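Before any comments, here is the structure.
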2 protein chains.
Amino acid sequence: MYIPTFDDVLAAHDRIAPYVHKTPVLTSSTIDAMAGAKLFFKCENLQKAGAFKARGASNAVFGLSDADAARGVATHSSGNHGLCLSYAAGRRGIPCTVVMPRTAPQAKKDAVRGYGGRVVECEPSTSSREAVFAEVVAESGAEFVHPYNDPRVIAGQGTCSRELASQVPDLDAVIAPIGGGGMVSGTCLTLSNIAPKVKIYAAEPAQADDAARSFRAGHIIADDAPETVADGLKVPLKDLTWHFVQRHVTDILTVSEEEIVEAMKLMWKRMKIIVEPSSAVPLAAILRNPDVFRGKRVGVVITGGNVDLDKLPWMKG
Amino acid sequence: MYIPTFDDVLAAHDRIAPYVHKTPVLTSSTIDAMAGAKLFFKCENLQKAGAFKARGASNAVFGLSDADAARGVATHSSGNHGLCLSYAAGRRGIPCTVVMPRTAPQAKKDAVRGYGGRVVECEPSTSSREAVFAEVVAESGAEFVHPYNDPRVIAGQGTCSRELASQVPDLDAVIAPIGGGGMVSGTCLTLSNIAPKVKIYAAEPAQADDAARSFRAGHIIADDAPETVADGLKVPLKDLTWHFVQRHVTDILTVSEEEIVEAMKLMWKRMKIIVEPSSAVPLAAILRNPDVFRGKRVGVVITGGNVDLDKLPWMKG
């Protein structure tokens, strides 16, 4: 297992700069008043392909030799990594295959295809996903870019908090959603090097709380196919992300489905930005745990904005 | 009639700086490809109170003497000016009354009250609005801040294109929606002084095309209560805005209701920002008139993001 270093983050930042946005940081005085804290929202929903995963995917794709790149890339992904890998592969002009659960949002499948990638469907469980994926790789010889348990991907995600630290001085804490732990690991990698006093929190749906349970148990606990509106956060930690989470995360906070949808709608209404449910989990955790964040300057990573606009979680039927 | 000057814009910018955001400029390579142009979206939907009108309203409110301010401010508004005036009055701690059509979106009425203002309802016609408003002013002695036909308001709106010009070099054109013409007038005032080669376009719903008809006729034509999904654009030009429009606007382009909703959904989907229907009118006009904008660098003013999230125009029933 190769553990990426901060030098890898710096190299990634140079490599991906032409293909990703330096995303803005937004604030809301209304939400600050509700939270009793000063929140700085790092808007990766405004990133290329609508998610921070464009960073890690671009780093993996553009780091390949021409010979490896020619065989294309492949991944399995509950959504954003797949379409971001398709985006990056499209920018390099190489093939991309994404294995996706058949239950993934139609908007995400369409987006993978929109960037030129091929979608192969599997059942909505980690085990089915991995089995179908093995077939795809055997057949194509494509380079596997794991959604998070990959040093190239983690180094790419680490460029986000490097930007954030340059945009907002004197942060007390940063909070990001945790699914497989790629963004949290990149945040740990970068901040432990450039701003080691900043506390790092992760936020997770209570209905998919495997990372929180892993954190308390001291070893990885994986659930197969939990159900949550935050569809980007269903996957388990793996060895590389666990390495960073167990060393650098202060706490993992969990929130209910209702709290996620309420925080999501609050962000749409007050901040005028489209965030997907996973991206609302950190704000939900802040509002649920005011004592943890009161009076603090907190960076909040908004991880993505890919939703099906015809099926919003507050619209019944 | 006092015609505001560029010095008024500069004074406004200093006066309102503590109360408004310098909003970001966003781009979308997908939408650029569709338009065949390079579009720079000035995101006033991310402005305080969710609309550019926070600029003009703040300039009017903070320019009042203490004695005048103590009697409060009042206005009539189809929406964003009302809530932005309420926002600015709240920041100064003075009373604010807003006369609104009873058919205005509930979200906008709630927002006026949320910032501490008082809502008085009228019928959805310009004539009813003006009659009810006269009663309000007679009773309270409040300072009238017209939504657009007011030099303080126009000077405040002019700060938006001053920012845009500093954020994006070498623009060929700027396009903004036109209702009463406050934003367009502010844009004309500023750009005719600092970037006179930039062409200024206005965009308007075909179902509320009084400004386009006025522009062609050479005099103001006012419609009473036209119907359009772009509810911020129903009001007519007045003498002060007509002054700027007739002198500095290159053309006024009109679009259908379907084109507005389609452009709005496109912006939500690809840019991950919440824009109200009025704000989608310029993009709809660009997509409808590719020959006008092809190969150009175009500033597109996104005027606001105040929508009722439970009633989106692409959701039927």
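Which value, in debye to the nearest 20, gives the size of the charge dipole of the stretch B:54-144 about its Cα centre, when Lys and Arg are +1 and Asp and Glu are -1 at the Cβ? Walk me through the numbers before you get to the answer.
On the way: 10 positive and 9 negative charges, 76 e Å.
My answer is approximately 360 debye.
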10 Å-binned pair-distance histogram of chain A (Cα, whole percent):
7, 30, 38, 21, 4, 0
Angle, helix A:151-167 long axis vs. longest principal axis of chain A, Cα atoms, 0 to 90°, nearest 10?
30 degrees
The stretch B:242-302 to the stretch B:72-123: how many Å between their Cα centroids?
27 Å
Kindly give the distances from B:M1 to its copy-mates, label point to label point, with each label point 7 Å from Cα along Cα→Cβ, as nm values to one decimal ordered shortest first.
7.3
Quick one: if you stick a label point 7 Å off each Cα along the C-beta vector at B:V120 and A:K296, how many nm between them?
4.8 nm
Whole-number D in µm²/s for the stretch A:174-227 (Stokes-Einstein; Kirkwood sum over Cα pairs; 4 °C, 1.567 mPa s):
108 µm²/s
Among B:V99, B:Y2, B:A111, which residue has its Cα furthest toward the positive end of the charge dipole of chain B, with +1 on Lys/Arg Cβ and -1 on Asp/Glu Cβ?
B:A111
Taking each label point as 7 Å beyond Cα in the direction of the beta carbon, state the distances from A:R113 to the same residue in the other copies, shortest first, in nm.
4.6
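Which of the trypsin sites (Lys or Arg not before Pro) found in the stretch B:72-124 are in a DSSP loop and have at most 12 neighbouring Cβ atoms, other than their own, within 10 Å? Display every interim value, and only then the final one.
Working: sites: B:R91, B:R92, B:R102, B:K108, B:K109, B:R113, B:R118; in loops: B:R102.
Counting only loop positions with at most 12 other Cβ atoms within 10 Å, the trypsin sites (Lys or Arg not before Pro) in the stretch B:72-124 are B:R102.
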On a 32 Å Cα-Cα criterion, which of the cross-link pairs A:K272/B:K199; A:K38/B:K234; B:K272/B:K296 come out too long?
A:K38/B:K234
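Would you mind ranking B:C188, A:C122 by Cβ crowding within 10 Å, fewest neighbours first? Show your work: numbers first, answer last.
On the way: B:C188 26, A:C122 22.
Least crowded to most crowded, the residues run A:C122, B:C188.
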Once the Cα gyration tensor of the stretch B:54-144 is diagonalised, semi-axes √(5λ) in Å
20, 15, 10
Closest approach to the axis - chain A beta-carbon, rotation onto B, Å
A:P24, 2
Residue-averaged [θ]222 nm for chain A, counting only DSSP H segments that reach four residues, each worth -39500 (n - 2.57):
-14000 deg cm²/dmol
Can you give me the relative contact order of chain B as a percent, contacts being Cα pairs under 8 Å and 6 or more apart?
22 percent
Choose one of A:A225, A:P196, A:S256: the residue whose Cα lies farthest towards the positive end of the charge dipole of the stretch A:177-277 (beta-carbon charges +1 Lys, Arg; -1 Asp, Glu; about the Cα centre).
A:P196
Over the stretch B:145-195, equivalent-ellipsoid semi-axes from the Cα gyration tensor in Å:
20, 11, 8
About its Cα centre, what dipole magnitude does the protein assembly as shown give when the only charges are +1 on Lys and Arg Cβ and -1 on Asp and Glu Cβ, stated in debye to the nearest 20?
980 debye
Expressed as a whole-number percentage, the relative contact order of the stretch B:54-144 with C-alpha contacts under 8 angstrom and at least six residues apart is 31 percent
Taking only C-alpha pairs under 8 Å that are 6+ residues apart, what is the relative contact order of the stretch A:22-96 in percent?
27 percent
Approximate shape of the protein assembly as shown as ellipsoid semi-axes (Cα gyration tensor, √5λ), whole Å, largest first:
45, 26, 21
So which trypsin sites (Lys or Arg not before Pro) in the stretch B:267-317 pass both tests, a DSSP loop state and at most 14 other Cβ atoms within 10 Å of the Cβ?
B:R294, B:K311, B:K316
Stokes-Einstein D in µm²/s, Kirkwood radius over Cα pairs - the stretch B:21-66 at 10 °C with 1.306 mPa s viscosity:
127 µm²/s
Label 7 Å beyond Cα on the Cβ vector: B:D172 copy-to-copy distances, nm:
5.0
Can you give the charge dipole size of chain B about its Cα centre, rounded to the nearest 20 debye, using +1 on the beta carbon of Lys and Arg and -1 on the beta carbon of Asp and Glu?
940 debye
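No lab work stands behind these numbers, since they all come straight from the coordinates. Computed from a predicted model, the values in this text were never measured in an experiment. Neighbour counts are summed over all protein chains in view; Cβ atoms, including those assigned to glycine, are modelled from backbone coordinates with ideal geometry.
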